[in-house]
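Each remark here refers to the structure printed beneath this line.
Just so you know, all these numbers are worked out from the coordinates, no wet-lab data involved. From a predicted model like this one, the values you see are computed outputs, not experimental measurements. Cβ placement follows ideal geometry from the backbone for every residue including glycine, while neighbour counts extend to all protein chains displayed.
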Amino acid sequence: MITTDICIVGAGPVGLFAIFEAGLLKMRCHLIDVLPQVGGQLSEIYPHKPIYDIPGYPSVKAQELVDNLMAQAEPFKPTFTLGERVDEIQKQEDGTFIVKTSDATEVHCKAICIAGGLGCFEPRKPVVERLEDFEGGKGVTYMVKDPEAFRDKKVVLAGGGDSALDWTIFLANVAKEVTLVHRGDSFRGAPASADKVAKLAEEGKINLLLKSNVTKINGNGVLKEVTIVGPEKEEIAIEADNLIPLFGLSPKLGPIANWGLNIDKAAIEVDRDSYSTNIPGIFAIGDINTYTGKLKLILCGFHEAALMAHGAFKYAYPQQHLSFKYTTVNGVHGF
Amino acid sequence: MVKFTVEDRDGSQQELEAPDDMGLNLMETLKAFEYEVLATCGGMALCGTCHVKVLAGGENLPEQGDAELDMLDMIPDSESNSRLSCQLQVNDNLEGCTFQICGSLSED
Ligand SMILES: Cc1cc2nc3c(=O)[nH]c(=O)nc-3n(C[C@H](O)[C@H](O)[C@H](O)COP(=O)(O)OP(=O)(O)OC[C@H]3O[C@@H](n4cnc5c(N)ncnc54)[C@H](O)[C@@H]3O)c2cc1C
Ligand code: FES
């Protein structure tokens, strides 16, 4: 089991800055994010966009800000669990917590800081009946973790972005049969990949169904067949072992809703003293929280992180006196 | 002023009269009329949560731009009549159109 002072749920900009603020008070942080990389919305939605309202930076690219936040947090040696969703939080009798993830990782901590932003980024799913019945190893998957799992299988991919193109090209050499279904009549991903997919289709190495949509799936326990509606509204049934819908990610509040926190319109209600929630020891900062006058800005999340760290210190070490000093007095001393 | 009809997620329709001289896009206008539109990215064609389908009268709408088409490719239920409402300026082109609100909500 991982042990730390603060477990931060969400590695967006606000969660990352919280490491620094907690570090100044000599508290260690472990961060968990369902995404495989840190940075939250900045890295996932708009890495190349400039941001203009970070004090001291007339303009900074979103990914650059994330990289700088990581560098700023570095002296405090944070630890990370990435690619796993926090599913459960259990309060212990001594007031500490155990945090559990989707992959059964456990973190024992003195305080929890939820910096979950808009929620978990999860795959966008097509509107197809019984999709859920075939998830979890029964044929429908939303990412290709291990391409070998598709060796000699009949695979249907759906989507028109870069990852749909890339995986179609890759799996063409691995799977027994590859079909790519795309709602449009041309691809807007990288031109080289689009050309390659067109060539593979011409050579008969893949089936390419344009202006088409997956509408039904069938099977007895495991996936057997995918029904596709083509440009003339005709139905085509294709035998398939796997369906891989690749429509990118969209945020969903997810498990945070079940942790007993007071929630108003998908956001956690907090006190403005230290951004504490209704459960003592659990704090919420950044886009995920709500209070009168809340502004969903990175800047505001940073401010909340500083106050949260002081609140978390008082919760974790009630006997210790915290004397406030400016960072410029002491400098930044890591662990 | 421009008049167009909006169909909400529950199928109910309402005719809106919106100002065409305030530089608003359709997403902003829908929000102003208190329709539930998440619009996470604030109109940058990056989130897809302002998805609408044009049910009627789309003849005069401008073609989708590159950013809009890129995003529409990532929305599983988008069709040939799909648009991002943040990419449609409120002007004469919208007169008489019917838009169906489709974008996802995080509480889904
Ligand atoms: C296109 C766009 C442009 C923007 N421009 C600006 C701007 O110019 N200036 C500005 O100040 N703000 C801007 N914003 C808003 C800004 O991105 C957010 O305010 C900021 O990202 C909030 O940071 P956060 O750390 O609270 O949450 P997020 O960045 O949303 O990060 C939250 C993280 O928590 C993870 N998570 C959630 N639940 C769980 C769970 N149960 N288990 C594991 N992980 C979980 C998510 O995967 C995510 O990585 C913009 C937003 C968008 C979409
Ligand atoms: S508001 Fe995000 S795509 Fe329109």
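Backbone amide hydrogens, once placed in the peptide plane, bring A:V270 within less than 5 Å of A:T290, excluding anything fewer than 5 places away on its chain. Remark: C-alpha extents of region A:243-335 on the principal axes read 56, 28, 27 Å, sorted largest to smallest. A simple rule links phi to the HN-Hα coupling: the Karplus curve 6.51 cos²θ - 1.76 cosθ + 1.60 with θ = phi - 60°, which for region A:165-176 gives 5, 4, 6, 4, 4, 5, 6, 4, 8, 10, 7, 6 Hz, with x for Gly and Pro. Look at the stretch B:66-74: the mean tally of other chain Cβ atoms within 10 Å of its residues' Cβ atoms is 5. Applying 0.36 nm per residue to the separation of A:I98 and A:Y317 and subtracting their alpha-carbon distance, the gain on full extension is 77.1 nm.
Straightening the chain between A:N220 and A:Y57 buys 52.9 nm, computed as 0.36 nm per residue apart minus the Cα-Cα spacing.
At a Förster distance of 30 Å, what's the computed FRET efficiency of A:A198 paired with A:L131, Cβ-Cβ distance as r, to 0.05? Computed FRET efficiency for A:A198 and A:L131: 0.55. A simple rule links phi to the HN-Hα coupling: the Karplus curve 6.51 cos²θ - 1.76 cosθ + 1.60 with θ = phi - 60°, which for region A:45-61 gives 9, 9, x, 9, 7, x, 10, 10, 10, 9, x, x, 10, x, 7, 8, 6 Hz, with x for Gly and Pro. Separation of region A:20-80 and region B:79-107, taken as the distance between their Cα centroids, equals 34 angstrom.
Relative to the dominant Cα principal axis of chain A, helix A:298-316 is inclined by about 60°.
Comparing A:S250, A:S276, A:S323 in a Gaussian network model of chain A (Cα springs below 10 Å), the most mobile by mean-square fluctuation is A:S323. The angle separating the long axis of helix A:191-202 from the principal Cα axis of greatest extent in chain A is about 30 degrees. Evaluated with a Cβ-only charge set (Lys, Arg +1; Asp, Glu -1), region A:125-247 carries a dipole of roughly 100 debye about its Cα centre, given to the nearest 20. Relative to the compact-globule estimate of 2.2 N^0.38 Å, the Cα radius of gyration of region A:1-155 comes out at 1.21. Relative contact order for chain A: 20 percent, from Cα pairs under 8 Å spaced at least 6 residues apart, divided by residue count. Taking each of A:K125/A:K196; A:K91/A:K325; A:K296/B:K53; A:K26/A:K314 in turn, the alpha-carbon distance tops 24 angstrom for A:K125/A:K196; A:K91/A:K325; A:K296/B:K53.
Relative to the compact-globule estimate of 2.2 N^0.38 Å, the Cα radius of gyration of the protein assembly as shown comes out at 1.08. Provide, for q = 0.21, 0.24 Å⁻¹, the log10 of I(q)/I(0) from a solvent-free Debye sum over equal Cα point scatterers in region B:2-101. Taken in order of the listed q values, log10 I(q)/I(0) reads -1.09, -1.48.
Here the Karplus curve 6.51 cos²θ - 1.76 cosθ + 1.60, taken at θ = phi - 60°, turns the phi angles of region A:123-131 into couplings of x, 6, 10, x, 7, 9, 4, 6, 4 Hz, with x standing for Gly and Pro. The base-10 log of I(q)/I(0) for region A:77-134, evaluated at q = 0.12 Å⁻¹, reads -0.43 [Debye formula, identical scatterers on Cα atoms, solvent excluded].
Model label points for A:E74 and B:M44, set 7 angstrom from Cα along the Cα-to-Cβ axis, are 2.6 nm apart. Database note for chain A: Cys without another Cys beta carbon under 4.7 angstrom, A:C29, A:C113, A:C120, A:C300. From helices alone, the protein assembly as shown scores -6000 deg cm²/dmol at 222 nm; the rule is -39500 (n - 2.57) for each run of n ≥ 4 DSSP H residues, then divide by the residue total.
Extents of region B:5-45, taken as max minus min of Cα coordinates on every principal axis and listed largest first, are 27, 24, 14 Å. Binning the alpha carbon pair distances of region A:161-279 at 5 angstrom intervals from zero yields the distribution 2, 9, 16, 16, 14, 8, 6, 7, 7, 7, 5, 2, 0, 0, expressed in whole percent. Which of A:F187, A:F302, A:F313 moves the most in a Gaussian network model of chain A with Cα springs under 10 Å? Of A:F187, A:F302, A:F313, the most mobile in the Gaussian network model is A:F187. Comparing A:M27, A:M143, A:M308 in a Gaussian network model of chain A (Cα springs below 10 Å), the most mobile by mean-square fluctuation is A:M143. Report the calculated FRET efficiency for B:E15 and A:K265 (r = Cβ-Cβ distance, R0 = 25 Å), to the nearest 0.05. Once rounded, the FRET efficiency stands at 0.35. Between helix A:62-73 and chain A there is an angle of about 40 degrees, using the helix long axis and the longest principal axis of the Cα atoms. For the peptide A:247-254, the mean number of other protein chain Cβ atoms found within 10 angstrom of a residue's Cβ is 5.
Database remark: amide H of A:E88 closer than 5 angstrom to the amide H of A:K100 (H placed geometrically; neighbours at sequence offset of 5 or more, or on other chains; Pro and chain starts carry no H).
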